[in-house]
Amino acid sequence: MKLLAIETSSEGCSAALLLDDKLFTRFEIAPMQHTQKILPMIHDLLSESFTSLNQLDAIAFGCGPGSFTGVRIATSVAQGLGFAMELPLIPVSSLAALAQATYTDLNWKKIVTAIDARIQEVYWGAYELNASGIMELKGQEKVGKPQEIELPLGEWSGAGNAWKIYSNEIPVKPSLIDASRLPTAAGVIQIAKVKYTKKDWVRAEDAHPTYLRDEVAKKSHR
């Protein structure tokens, strides 16, 4: 299995390449520089692994929620490469990718991811490890005021910058928090690997960002 993944939904810009069981990654904090950084990252990964685009099986991308510009960049780059190479695309929630990478690094199995959505709002979702080793969404991903965040019953951890930015406004506190974590392509590709085996992909023309804020999404298409 040969998969390429892209994640640009936050100030972090990242790409990952999975060749069977070998993973190559690039990650950089690069606010407002995603368009300049992401294609060179992809080129570097392909060069390092002696792989060409036409050898890939699919392209995964962090579809959001997150920065509106960021999720559009990831979607557009994935669509462009998908069209050019006639490859299927695998959209992966950026919140899920954050949860997945956090589990991989810290072994936290119940995580509420929460990232800054600007205008005093937060994107969040609760994820729990399933039998396939994938962080599975419990309920729905949401956008709203920090005061609206709720923890499911049980002991949960927290990941994402909203836990720090809105620490005084969020009424609940997980037992463990890592507010430094951002969505990454490494997290995207772990989920995409399972989705690919289930043929859970879309054609390039059917790939879309996830905004959660309907009113902003509508404005962006005007």
Practice problem: Only residues that are under 27 Å from ALA117 (Cβ atoms) and exposed (fewer than 12 other Cβ atoms within 10 Å of the Cβ): list them for segment 13-54, please. | Solution: ILE29, PRO31, MET32, GLN36
Practice problem: For segment 55-67, state whether one or more residues are more than 19 Å from LYS22 (Cα to Cα), hydroxyl-bearing (Ser, Thr, Tyr) and either surrounded by fewer than 19 Cβ atoms within 10 Å (Cβ to Cβ) or under 18 Å from the mean Cα position of the chain (by Cα) (or both). | Solution: yes
Exercise. For ILE149, indicate whether it is farther than 24 Å from ALA16 by Cβ and surrounded by 13 or more Cβ atoms within 10 Å (Cβ to Cβ).
Key: yes
Quiz prompt | Subset tally (residues that are buried (at least 24 other Cβ atoms within 10 Å of the Cβ) and assigned to a strand (DSSP E or B)) for segment 93-135 | solution = 12
Exercise. Have a look at SER9, SER47, SER14 and point out the one that is modelled with pLDDT of 95 or more and more than 17 Å from ALA192 (Cβ to Cβ).
Key: SER47
Practice problem: Taking the options LEU4, LEU39, name whichever one is within 20 Å of ASP206 (Cα to Cα), modelled with pLDDT of 95 or more and either in the same structural domain as LEU212 (by TED's automatic domain parsing) or of a type outside the set (Lys, Arg) (or both). | Solution: LEU4
Practice problem: For segment 87-101, indicate whether the set of residues that are at pLDDT 95 or above, in contact with a helix residue (DSSP H, G or I) (Cβ under 7 Å, 6 or more places away or on another chain), over 30 Å from LEU39 (Cβ atoms) and not assigned by TED's automatic domain parsing to the domain that holds LYS199 is non-empty. | Solution: no
Self-check item: Some residue of segment 59-67 being in contact (Cβ under 8 Å) with a residue 40 or more places away in the chain and out of contact with any helix residue (DSSP H, G or I) (no Cβ under 9 Å at 6 or more places or on another chain)
Solution: no
Quiz item: Given the residues ASP116, ASP206, which is the only one that is of a type in the set (Asp, Glu) and under 27 Å from GLY82 (Cα atoms)?
Solution: ASP206
Self-check item: Matching residues in segment 180-208 - criterion: being more than 14 Å from ASP105 (Cα to Cα) and assigned to a loop (DSSP other than H, G, I, E, B)
Solution: LYS198, LYS199, ASP200, TRP201, ARG203, ALA207, HIS208
Self-check item: Out of LEU176, LEU137, LEU106, sole residue that is at pLDDT 95 or above and within 23 Å of ASP200 (Cα to Cα)
Solution: LEU137
Practice problem: Confirm whether THR184 is polar (S, T, N, Q), modelled with pLDDT of 95 or more and over 17 Å from the mean Cα position of the chain (by Cα). | Solution: no
Quiz item: Only one of GLU150, GLU169 is in contact with a Pro (Cβ under 8 Å, 6 or more places away or on another chain) and over 16 Å from ILE6 (Cα atoms); which?
Solution: GLU169
Self-check item: Test: PHE83 is modelled with pLDDT under 95 and within 21 Å of ALA204 (Cβ to Cβ)
Solution: no
Exercise. With the condition kept exactly as written, say whether any residue in segment 159-176 is small (Gly, Ala, Ser), surrounded by 14 or more Cβ atoms within 10 Å (Cβ to Cβ) and assigned to a strand (DSSP E or B).
Key: yes
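The values are calculated or read from the model by the stated rules, or taken from the named source; none is laboratory data. Keep in mind it's a predicted model, so treat the numbers as computed, not measured. When we count neighbours, we look across all protein chains shown, and the Cβ atoms used for this are built from the backbone with ideal geometry, even at glycine.
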